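Q: This is the structure I want to talk about, given as structure tokens.
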Amino acid sequence: MRRLAVIFAVTAAMLLTAATAFGREMDLVYGGETHRYSADDINILVDGRKIVTNKMPPIVLNEKTFVPVREFFEAVGCSVTGLSGADGFLISYGGRTLQLTADSRSIYVNGELDSLPADEPAPIVINGELMAPMRLIAEKLGFDVGWDGNSGAATLTSPFGGGYISKIVPATVDRADMVYLAYDSPAEPTVNRYGSPDRVVLDFPNTKLTEDYSEYSVNGANVISVRCANHENTARIVLDVRNQPNVLLSRTETGIVIAVSPADQGGAVTSTDDLRNGAYFDPTAFVDSIPQQTSVIVSAGGANAVTDAEYDYGSVVIDAGHGGYTGASSGGIMEDHITLAIALKVRDKLTAAGYNVVMTRTSDVKVSLQSRVDIASRPTNGNAIPVVFVSIHCNSFDDPSTNGTQVYYHTESHYGTILAQNIYDADVANTTLKGSRIRDGSDLYVVRKTVQPAALVETAFISNDSDRAYLTSEEGQEALANGITAGIIKTVQQMMQDRGLV
């Protein structure tokens, strides 16, 4: 783990299937009414692995176990895609597809209409999540569904009893490349190298790709492309590489990461030791902005290189961190929902003050880190770009007593440092949150890669009960938005004064 952290210098990330304590009583909102729900927790094992969902737990309605479709079946290893213009999903698994929509008794299996049995309830939106009968969908996808009396859990057994690779995410960071595999089996792959052309071949025994993957273009320093295919009961991943680089495999909580770096002078190294050392991290942070804290850390690139003459002092960028149900979560609260709510309040306050506000997102969608940087780099007045960039996040930590507000900056950015200090001072003054100091965030992706002065605000700790209550309150969100807005305006005014523009 330490070696991989050195290679990529990446922050520790959240576990995608981390447990959330839902309690046994909750309000369920559906059909335009609120229903009080009280029942024991439901345990579900898939090939012996417990599935835990964060946004909604499995529940029992009309003697049927309902699960949140997207989160549950993605955790199982399926590919789940939302249907345009409808509360529904297309679920793919092991060569099978199933399409369903809310309140409809018509489903499609491999594209063919297959109506629900008379005793099977239709999918329904509950608390904003599409919930559907687990047994029905699982069996349609080829699982055997049963009950384990020893553990008191419902069981799902995959169609062929092996592992699945349900996601492949290649990425390039500076001189190193990585390929993340969402992989649900403890079995280790075999790794072989070949020349002419140079390639690294990984064979995962008793494993299948859940979709018909073909080829991903990477064009990195070490990896040219990734090719994938099923061979009987073996999933094969082929990396087309340059100059036989080092290859290091490490297990994550949700799969495996293949880290590929330039070969040392002593020759290329292949290591699978980290598959056995019990240390986990989540490399999807490189592209999906999933980690608990902020983002990916990078090791190259200048800080805020644009000169003052190229700034549009009437425009700022507000970045609502995460999106698409990503980020930290605690007590059933998702970080990306909080960051968007605060960001929209900041937008409205800045707009009222006469600023043009560029938002990286205005709805619950996933935006890659580089896309956020690209948005911030777009001119808003001739060739001039927005004058500052502020990213809004919620913090999280294993120790639930940790609390307070923090703001990160780039140490080589003069005005970025001032921006962070102004926001921090205003937030501490406007809120009841504990403060400490501004912090060095030089290695955080959006702080380092944006070309204008940037600050990343960790508003409060979503993992702390008191901070979380403040983050979800209208009063707390307003106070934080007031502080962020005041800090931005003060910084922009100082920048203009320093240039003699006011």
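The values are calculated or read from the model by the stated rules, or taken from the named source; none is laboratory data. These figures come from a predicted structure and were not determined experimentally. Counting neighbours? That spans all protein chains shown, and the Cβs are built from the backbone with ideal geometry, glycine included.
Q: Is there any pair linking a residue in the stretch 217-229 that is without any contact (Cβ under 8 Å) to a residue 24 or more places away in the chain and outside the structural domain of A171 (by TED's automatic domain parsing) to one that is of a type in the set (A, V, I, L, M, F, W, C) and part of a strand (DSSP E or B), with Cβ under 8 Å and at least six apart or on different chains, and which?
A: none
Q: On the given criteria, is E129 of a type outside the set (G, A, S) and free of Cβ contacts under 8 Å to residues at least 40 places away in the same chain? First the steps, then the outcome.
A: On the way: of a type outside the set (G, A, S): yes; free of Cβ contacts under 8 Å to residues at least 40 places away in the same chain: no.
Here the answer is no, as E129 does not meet what is asked.
Q: Only residues in the stretch 186-207 that are under 12 Å from L239 (Cα atoms) and in the same structural domain as V223 (by TED's automatic domain parsing) count as the first member; pair them with residues that are at pLDDT 85 or above and of a type in the set (K, R), Cβ under 6 angstrom, at least 6 apart or cross-chain, and list the lot.
A: V200/R193; D203/R236
Q: Go through the stretch 107-126 and give me each residue that's in contact (Cβ under 8 Å) with a residue 24 or more places away in the chain and in a strand (DSSP E or B). Step through it out loud before you land on a result.
A: So in the stretch 107-126, the residues in contact (Cβ under 8 Å) with a residue 24 or more places away in the chain come out as 107, 109, 114, 120-121, 123-126.
Within the stretch 107-126, I107, V109, D114, I124, V125, I126 meet the criteria.
Q: Working carefully through the options V346, V390, V358, V407, find the one that is in contact with a strand residue (DSSP E or B) (Cβ under 6 Å, 6 or more places away or on another chain), modelled with pLDDT of 90 or more, over 21 Å from L471 (Cα atoms) and of a type in the set (A, V, I, L, M, F, W, C). Don't jump to the end; show me each part of the working.
A: On the way: V346 fails: over 21 Å from L471 (Cα atoms); V390 fails: over 21 Å from L471 (Cα atoms); V407 fails: over 21 Å from L471 (Cα atoms).
That would be V358, the only listed residue that is in contact with a strand residue (DSSP E or B) (Cβ under 6 Å, 6 or more places away or on another chain), modelled with pLDDT of 90 or more, over 21 Å from L471 (Cα atoms) and of a type in the set (A, V, I, L, M, F, W, C).
Q: Do we have any residue at all in the stretch 146-162 that's in contact with a strand residue (DSSP E or B) (Cβ under 8 Å, 6 or more places away or on another chain), under 28 Å from P205 (Cα atoms), surrounded by fewer than 21 Cβ atoms within 10 Å (Cβ to Cβ) and among the β-branched types (V, I, T)?
A: Yes, the stretch 146-162 contains a residue that is in contact with a strand residue (DSSP E or B) (Cβ under 8 Å, 6 or more places away or on another chain), under 28 Å from P205 (Cα atoms), surrounded by fewer than 21 Cβ atoms within 10 Å (Cβ to Cβ) and among the β-branched types (V, I, T).
Q: When you check G149 against the structure, is it at pLDDT below 80 and on the phi > 0 side of the Ramachandran plot, yes or no?
A: Numbers: at pLDDT below 80: yes; on the phi > 0 side of the Ramachandran plot: no.
The answer is no for G149.
Q: Could you list, in sequence order, the residues of the stretch 1-52 that are at pLDDT 60 or above, in a loop (DSSP other than H, G, I, E, B) and surrounded by fewer than 16 Cβ atoms within 10 Å (Cβ to Cβ)? Steps first, please.
A: First, the residues of the stretch 1-52 that are at pLDDT 60 or above: 25-52.
Still in the running and in a loop (DSSP other than H, G, I, E, B): 31-32, 39-43, 47-48, 51-52.
Of everything in the stretch 1-52, those that are at pLDDT 60 or above, in a loop (DSSP other than H, G, I, E, B) and surrounded by fewer than 16 Cβ atoms within 10 Å (Cβ to Cβ) turn out to be G31, G32, A39, D40, D41, N43, G48.
Q: Among residues belonging to the stretch 215-255 that are more than 24 Å from the chain's Cα centre (by Cα) and at pLDDT below 80, point out the one that is surrounded by the fewest Cβ atoms within 10 Å (Cβ to Cβ).
A: Ranking the qualifying residues of the stretch 215-255, first place goes to E232.
Q: Further question: Can you find a residue in the stretch 185-201 that is of a type in the set (K, R), modelled with pLDDT under 85 and in contact with an Asp or Glu (Cβ under 8 Å, 6 or more places away or on another chain)?
A: Residues of the stretch 185-201 of a type in the set (K, R): 193, 199.
Checking the rest, the ones that are also modelled with pLDDT under 85 come to none.
No, the stretch 185-201 contains no residue that is of a type in the set (K, R), modelled with pLDDT under 85 and in contact with an Asp or Glu (Cβ under 8 Å, 6 or more places away or on another chain).
Q: Hey, another quick one. Got at least one residue in the stretch 431-442 being touching a residue at least 60 places away in the same chain (Cβ under 8 Å), assigned by TED's automatic domain parsing to the domain that holds I375 and either touching a Phe, Trp or Tyr at 6+ places or on another chain (Cβ under 6 Å) or of a type outside the set (A, V, I, L, M, F, W, C) (or both)?
A: Going residue by residue through the stretch 431-442, those that are touching a residue at least 60 places away in the same chain (Cβ under 8 Å) are 441-442.
The next check asks that each one be assigned by TED's automatic domain parsing to the domain that holds I375; those that pass are 441-442.
Pick out the ones that are also either touching a Phe, Trp or Tyr at 6+ places or on another chain (Cβ under 6 Å) or of a type outside the set (A, V, I, L, M, F, W, C) (or both) and you get 441-442.
So far as the stretch 431-442 goes, yes, one or more of its residues are touching a residue at least 60 places away in the same chain (Cβ under 8 Å), assigned by TED's automatic domain parsing to the domain that holds I375 and either touching a Phe, Trp or Tyr at 6+ places or on another chain (Cβ under 6 Å) or of a type outside the set (A, V, I, L, M, F, W, C) (or both).
Q: Need at least 1 residues that are surrounded by fewer than 24 Cβ atoms within 10 Å (Cβ to Cβ) and hydrophobic (A, V, I, L, M, F, W, C) per element, so show me which helices (runs of 4 or more DSSP H) inside the stretch 385-502 make the cut, counting only ones lying wholly within it. Can you show your working first?
A: Values: elements: 414-430, 445-449, 465-472, 474-498.
In the stretch 385-502, 414-430, 465-472, 474-498 are the helices (runs of 4 or more DSSP H) which contain 1 or more residues that are surrounded by fewer than 24 Cβ atoms within 10 Å (Cβ to Cβ) and hydrophobic (A, V, I, L, M, F, W, C).
Q: Same structure again: If I filter the stretch 304-317 for residues that are more than 13 Å from Q452 (Cα to Cα), of a type outside the set (S, T, Y), at pLDDT below 90 and surrounded by fewer than 22 Cβ atoms within 10 Å (Cβ to Cβ), do I get at least one hit? Break it down stepwise before answering.
A: At the first step, the residues of the stretch 304-317 found to be more than 13 Å from Q452 (Cα to Cα) are 314.
Those still in the list that are of a type outside the set (S, T, Y) too: 314.
Remaining after also requiring at pLDDT below 90: none.
No - not one qualifying residue is present in the stretch 304-317.
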